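The structure appears below as structure tokens.
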Amino acid sequence: MKVLVAVKRVIDYNVKVRVKSDRSDVDLANVKMALNPFCEIAVEEAVRLKEAGTAEEVVVVSIGSKSCQEQLRTALALGADRAIQVDAQDQLDSLSVARILQKVAEEESADLILLGKQAIDSDNNQTGQMLAALMDRPQATFASEVVVEGDALKVTREIDGGLQTLSLKLPAIVTTDLRLNEPRYASLPNIMKAKRKPLDVKTPDELGAQLAGGVELLSVEPPAERQAGIKVGSVEELVDKLRNEAKVVA
Amino acid sequence: MSILIITEHDNQSLKPVTLSLVTAAQQIGGDIDLLVAGENAQPAAEAAASIAGVRKVIHADNAAYAHQLAENVSKLVVELAEGYTHILAPGTTTGKNLAPRVAALLGVNQLSDIIAVEAADTFKRPIYAGNAIATVKSADAVKVITVRGTAFDAAEASGGSATVEACDSVHQHADVSFVGEELAKSDRPELTAASVVISGGRGMGNGENFDMLNKVADKLGAAVGASRAAVDAGFVPNDMQVGQTGKMVAPELYIAVGISGAIQHLAGMKDSKIIVAINKDEEAPIFQVADYGLVADLFEAVPELESRL
Ligand SMILES: Cc1cc2nc3c(=O)[nH]c(=O)nc-3n(C[C@H](O)[C@H](O)[C@H](O)COP(=O)(O)OP(=O)(O)OC[C@H]3O[C@@H](n4cnc5c(N)ncnc54)[C@H](O)[C@@H]3O)c2cc1C
Ligand SMILES: Nc1ncnc2c1ncn2[C@@H]1O[C@H](COP(=O)(O)O)[C@@H](O)[C@H]1O
């Protein structure tokens, strides 16, 4: 089977982002960027399917400006075979991204499409579901285990109440949760090899994807800062404060 | 304006988050209808009809909706969408699974996890793990929104007398089926609804040690949560994870035990009213958000805390 993985370039998860002083957006100038952690997990899962002989080819796709080629190379170094950059503005809205991914998935005749459950910049958690709806295919979001059974998948999902298992006929869309796997580190030889793997650039127009829009970012503000608290010297003092000062314990 | 709320329920009772959605809908303004899609979900539909301020409950009962699979319920919602200006779903795993499908089928973008209503078309939502709050305006004809429950007070669960309208439409996607589920059983309150939460991190050392937290929780009527590190290490199940990619909680009192305070964890709990941190490392970032910090070994402090409560 052929696996398509959608990956996004985002701020490194260790960086605490700051709001620009004019409050128009967050400040991404000179900030360390990386592959979205959930996308890394998606790439790892695809590569494992290839190593197991279940997948023949792993194609990675990212939608954004030229800089996302860096993350596509990372995915190639992790073991993907081929990459596609769809040239568009960064932070394109989710429906537009889903429409572009649909065209790519159709062109590639992908059997399994893997996405992260969430991009850690937008925190949207919606693109995979939108793509599945547009393609009218089944989805398993927040996957913590994926088992291929012939032309179907058995997927365990992390839900609020515990775990749920679904069976999906391929083609299907899966979004990854943190415990699906632990991504490997790219080795130096693989990083070198990745430089020679094919990376195509396409445009939404060439793919015939119609962009959506509709949502406007008016402003961005920092969250309310918490007042600095105090250190207590003992458990006794803590309980006293909780009872008599904060009044949150009877 | 008129608003359709997709309720979350287990066929028997409504999840408390539904009441927060009703409040969010009241802030938007307009008629409020609730959809209960389930199997043998009569009790949930009745509970929905008695919420104050609800005009109508649409009750779709069929085996296809038993587990509220997104493939099926999204098509039902799209069929019912005509005439609604807003469609609201909870920012839970069920709502997040379902609502984007509705949005895509309607050809609109979704506003995820809103925490405030500024106007009928303008909302606030956290981005970057809550390190920034975006104000966004939607020009779409119908606004599909997921709502963070903890950001809105609960509406009155009783006092309403909405009509219940049966809906016979069945949508069953042929290529997906439910295999099974393993739900955590607990007598304690649900994490996102509890007024006190005590969470443990990697510092707990193992799963058995969480019993110390359970004992404190029993005395305080608290829910027990965890950091990702504690879940990944297998100390406790995934449904206990608090944070950017786990559950969002905002209780009256949050007690973090053996948790360092990574931004991803803070994203899930920093809106709590009072935060207590117990950590042996006085430099731990959790102390920067704690109202009361105790630098101590948790293996001594937690049992003492229990005995003093
Ligand atoms: C994409 C992504 C998403 C994530 N999502 C989440 C999320 O939703 N929720 C989440 O929590 N994390 C999340 N994380 C992980 C996060 O970055 C941290 O790794 C995690 O929160 C650390 O957990 P911790 O504080 O328990 O462990 P640590 O950082 O290892 O801290 C353990 C703490 O315990 C203290 N300690 C140890 N022994 C004792 C003792 N005997 N007495 C007192 N104190 C003691 C130590 O001083 C230390 O501060 C995410 C990470 C990524 C990359
Ligand atoms: N611009 C993009 N390019 C490629 N994949 C994307 C893009 N935006 C989102 N995705 C995919 O959708 C997932 C969820 O993103 P989101 O819905 O924005 O939280 C990400 O983890 C990616 O797999």
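Values in this text are rule-based calculations from the coordinates and carry no lab data. These figures come from a predicted structure and were not determined experimentally. Counting neighbours? That spans all protein chains shown, and the Cβs are built from the backbone with ideal geometry, glycine included.
Numbers below:
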quantity	calculated
Summed residue charge, Cβ within 13 Å of A:LEU218's Cβ, Lys/Arg positive, Asp/Glu negative	-2
Sum of side-chain charges, B:VAL164 neighbourhood, beta-carbon under 10 Å (Lys, Arg +1; Asp, Glu -1)	-1
Of all DSSP beta bridges in the protein assembly as shown, antiparallel share, percent nearest 5	35 percent
Projected label distance in nm at A:LYS193 and A:ARG82, using a 7 Å step from Cα toward the beta-carbon	1.8 nm
Sorted by Cβ neighbour density within 10 Å, fewest at the top, the residues B:LYS75, A:LYS8	B:LYS75, A:LYS8
Spin-label model distance (nm) - B:ALA166 vs A:ASP22, 7 Å beyond Cα toward Cβ	6.1 nm
The range A:51-94 and the range B:177-241: distance between their alpha carbon centers, rounded to Å	36 Å
Rounded to whole Hz, the Karplus (6.51, -1.76, 1.60) HN-Hα couplings of the range A:173-190, x for glycine and proline	10, 10, 10, 8, 9, 4, 9, 5, 6, 10, x, 6, 9, 6, 7, 4, x, 5
Positive-end residue, the range B:33-138 charge dipole about Cα centroid, Cβ charges, pick of B:THR85, B:LEU34, B:ILE127	B:ILE127
Top positive-direction residue, dipole computed over the protein assembly as shown with Cβ charges, set A:LEU134, A:GLY79, B:VAL142	A:GLY79
Contour minus Cα-Cα distance for A:ASP205 and A:LYS154 (0.36 nm per residue)	14.8 nm
Simple label model, 7 Å out from Cα along Cβ direction - A:ASP12 to A:ASP240, nm	4.5 nm
Average beta-carbon neighbours from other chains, 10 Å sphere, peptide A:113-125	5
Relative packing of peptides B:99-107, B:62-70 - highest average C-beta neighbours within 10 Å first	B:99-107, B:62-70
Amide proton proximity set for A:GLU57, modelled H, under 5 Å, gap of 5+	A:VAL3
22 Å Cα cut-off, lysine pairs counted over the range A:3-141 (separation 8 or more, or different chains)	14
In sequence order, calculated HN-Hα J values of the range B:181-197 (Karplus, 6.51, -1.76, 1.60; Hz; x Gly/Pro)	8, 10, 9, 5, 9, 7, 8, 7, x, 5, 3, 6, 10, 6, 8, 10, 10
Residues B:GLU282, A:GLU70, sorted so that the one with the fewest Cβ neighbours within 10 Å comes first	B:GLU282, A:GLU70
Sequence-distant residues sharing a close amide H with B:ALA116 (under 5 Å, placed H)	B:LYS124
Packing-based ranking, highest mean first, of B:20-29, A:33-42 given that Cβ atoms within 10 Å are counted	A:33-42, B:20-29
Helix-only [θ]222 nm of the protein assembly as shown, DSSP H runs n ≥ 4, -39500 (n - 2.57) each, per residue, nearest 500	-7500 deg cm²/dmol
Neighbourhood net charge (13 Å Cβ-Cβ; Lys/Arg +1, Asp/Glu -1) for B:VAL57	-3
Neighbour-count ranking [beta-carbon atoms within 10 angstrom, fewest first] of A:ARG9, A:ARG184	A:ARG184, A:ARG9
For the range A:59-67, 3J(HN,Hα) per residue [Karplus equation, 6.51 cos²θ - 1.76 cosθ + 1.60, θ = phi - 60°, Hz, x = Gly/Pro]	10, 10, 9, 9, 10, x, 6, 3, 4
Cα-based reach from A:LYS231 at 20 Å (exclusive), listing lysines while leaving out same-chain residues under 8 positions away	A:LYS241, A:LYS247, B:LYS270, B:LYS273, B:LYS280
Amide proton proximity set for A:THR141, modelled H, under 5 Å, gap of 5+	A:THR175
Computed magnitude of the charge dipole of the range B:191-308 (debye, nearest 20; Cβ of K, R +1, Cβ of D, E -1)	300 debye
